[in-house]
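The values are calculated or read from the model by the stated rules, or taken from the named source; none is laboratory data. These numbers were taken from a predicted model, which means no experiment stands behind them. Note that we place each Cβ from the backbone using ideal geometry, even for glycine, and neighbour counts take in every protein chain shown. Side chains included, ligands, DNA and RNA excluded: accessible areas come from the protein's heavy atoms. Shrake-Rupley method; radii C 1.70, N 1.55, O 1.52, S 1.80 Å.
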Amino acid sequence: MMSEMIDTRRRHLVLAGTALAAMGAPLVARAADALKVGLIVPMSGPFASTGRQIEAAVKLYQQKFGDSVAGRKVEILLKDDGGVSPDVTKRLAQELVARDKAQVLMGFGLTPLALAAAPIATQAKVPMIVTAAATSIIPQRSPYIVRTGFTLAQVTSPLASWAAKNGIKSVVTFVSDYGPGLDAEKVFVKTFSEAGGKVMESVRVPLRNPDYAPFLQRVKDAKPQALFVFVPSGEGAAVLKQFTERGLAAAGIRLICTGDVLDDDLMAGIGAAAKDVVSSHHYSAAHPSAANKEYVDAMAKANKGMRANFHSVGAYDGMHLLYESLKKTGGDADGEKLLAAMKGMSWESVRGPVSIDAATRDIVQTVYMRKAELRGSEFYNVEFDQVEKVRDPGV
């Protein structure tokens, strides 16, 4: 009788231990599971420089801070969307979430691509960190979108104010005909006009346009004091080259622009055509902080001399936002919890102080006025003034 009771107790203990082990196994597995980040950027095509900068910054961040945070390994799943087809971006986002089990989406080189992925983030309830695309409306398209890059309206408004205060009375605006360009045009016209300036004409050019000459001839014929330009990163060299070739500079027309036109990554190719051009942006490789000097040096060392640009900083800060949010949640990658941790976060970026507006999920940051100057044998965008805590003006 006694032996039967002992055997029964032993069986119960074994069964209980087995049950506990079974319950514990998934917990251990979940704790060890990698957090997968779907990074969707253009690594090929006309905007490949954007993708290369973003990928390089993500790698650099993990080299410096490790590939694990709060007990979770962070695994980057890089996908090339080519930068031109929203359908491709949407399909990649779907595959990353449904097949690859990505718990965060990140990247997005241009606005139409970010907008295509937005419904996927909403349906899957995963945070979507937009590091590059710059149209104002993007965060409104999904409650899960957080932006660490910038908006065109945000960096345009200070330039329009500066132009009006510095003797420029008449301007023609010249923008790429898609979301960010239309935002830039609208904000420049409004701000410059309210300050007493006159916008003589607004010229819109196709997003990918190899020949700007006919449009620039219209500008030359209008005879403004200045031409305000926005074209996306990668197109600036062509605009500046043709601006000079068509004789606009010789005619006394001044060129002012947003920082996309004078992309740090492409300044070597732009060369002397950039000389003395004034631009406004949230980042320059010449930003004089110690943190930025270290960052620029590290990017160059790890990427065969690549000069860090604004897209890289958007991605570097995107990684910072993710890592710090995971620390706040104790490694919990639940979409709602991560999103709550991201809202309202502030930190000292290599570009200067930044924060995420808790209500809009958009970035608040300093916008710098810069002038392209020769430093040694290369041109850099040298900051000479700044406007702090700039929010998207809400176009």
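Assorted remarks:
- Label-to-label distance, nm, for residues given as Glu194 and Ser289 (7 Å Cα→Cβ offset): 2.8
- Each residue, Gln94 and Glu245, gets one label point 7 Å from its Cα in the Cβ direction; the gap between the two is 4.2 nm.
- In terms of overall dimensions, region 248-388 has a Cα radius of gyration and Dmax of 17.4, 61 angstrom.
- Per residue, the accessible area of the chain comes to 42 Å², computed with a 1.4 Å probe over protein heavy atoms only.
- Long-range HN-HN contacts of Ile145 with modeled amide H, under 5 Å: Met128
- Cα-centre dipole for the chain with unit charges at Cβ (Lys and Arg positive, Asp and Glu negative), debye to 20: 200
- Cα-based shape type of region 288-341, given that a ≥ b ≥ c are square roots of the gyration tensor eigenvalues and the cut on a/c is 1.5: prolate
- Principal semi-axes of the equivalent ellipsoid, √(5λ) from the alpha carbon gyration tensor of region 124-211, are 29, 16, 9 Å from largest down.
- Total charge dipole magnitude, region 152-251, about the Cα centre, Cβ charges on Lys, Arg, Asp, Glu only, Debye to nearest 20: 260
- The overall shape of region 57-205 is prolate: from the C-alpha gyration tensor, with semi-axes ordered a ≥ b ≥ c, the ratio a/c is 1.5 or greater and a/b exceeds b/c.
- Backbone HN-Hα couplings from phi across region 210-219 [Karplus 6.51/-1.76/1.60, Hz, Gly and Pro as x]: x, 10, 8, 4, x, 5, 5, 5, 4, 5
- Dipole-positive endmost among Val239, Ala153, Leu115 within the chain (Cβ charges, Cα centre): Leu115
- Computed over region 159-298, the ratio Rg/Rh where both radii use C-alpha atoms and Rh is Kirkwood: 0.97
- Considering only beta bridges that DSSP places wholly inside the chain, some 40 percent are antiparallel.
- With viscosity 1.567 mPa s and temperature 4 °C, the Kirkwood radius over alpha carbon pairs of the chain converts through Stokes-Einstein to a diffusion coefficient of 58 µm²/s.
- Rolling a 1.4 Å probe over the protein heavy atoms of the chain, with every protein chain left in place, gives an accessible area that is 54 percent carbon and sulfur.
- Two-site label geometry, Arg391 and Glu373: point separation in nm, points 7 Å out along Cα→Cβ: 3.4
- Between amide H atoms placed 1.01 Å from N, distances below 5 Å from Glu75 occur with Leu35, Lys36, Val37, all of them 5 or more places distant or on a separate chain.
- Rg in Å to one decimal, and Dmax rounded to a whole Å, for region 43-85 via C-alpha atoms: 12.7, 39
- A Förster radius of 30 Å combined with the Cβ-Cβ distance from Ser346 to Ala272 puts the calculated FRET efficiency at roughly 0.15.
- Amide H contacts of Leu255 (H built 1.01 Å from N, in plane; Pro and chain starts excluded): Leu227 sit under 5 Å, all sequence-distant by 5 or more or on other chains.
- Derived scalar couplings between HN and Hα for region 130-145 equal 8, 9, 9, 4, 10, 6, 4, 6, 3, x, 6, 7, 7, x, 9, 7 Hz in order, rounded to whole Hz, by the Karplus curve 6.51 cos²θ - 1.76 cosθ + 1.60 (θ = phi - 60°), x for Gly and Pro.
- Taking only the Cα atoms of region 311-375, the radius of gyration and Dmax are 14.2, 48 Å.
- Helical runs (DSSP H, four residues minimum) scored at -39500 (n - 2.57) apiece and divided by the length of the chain put the mean residue ellipticity at 222 nm at -14000 deg cm²/dmol.
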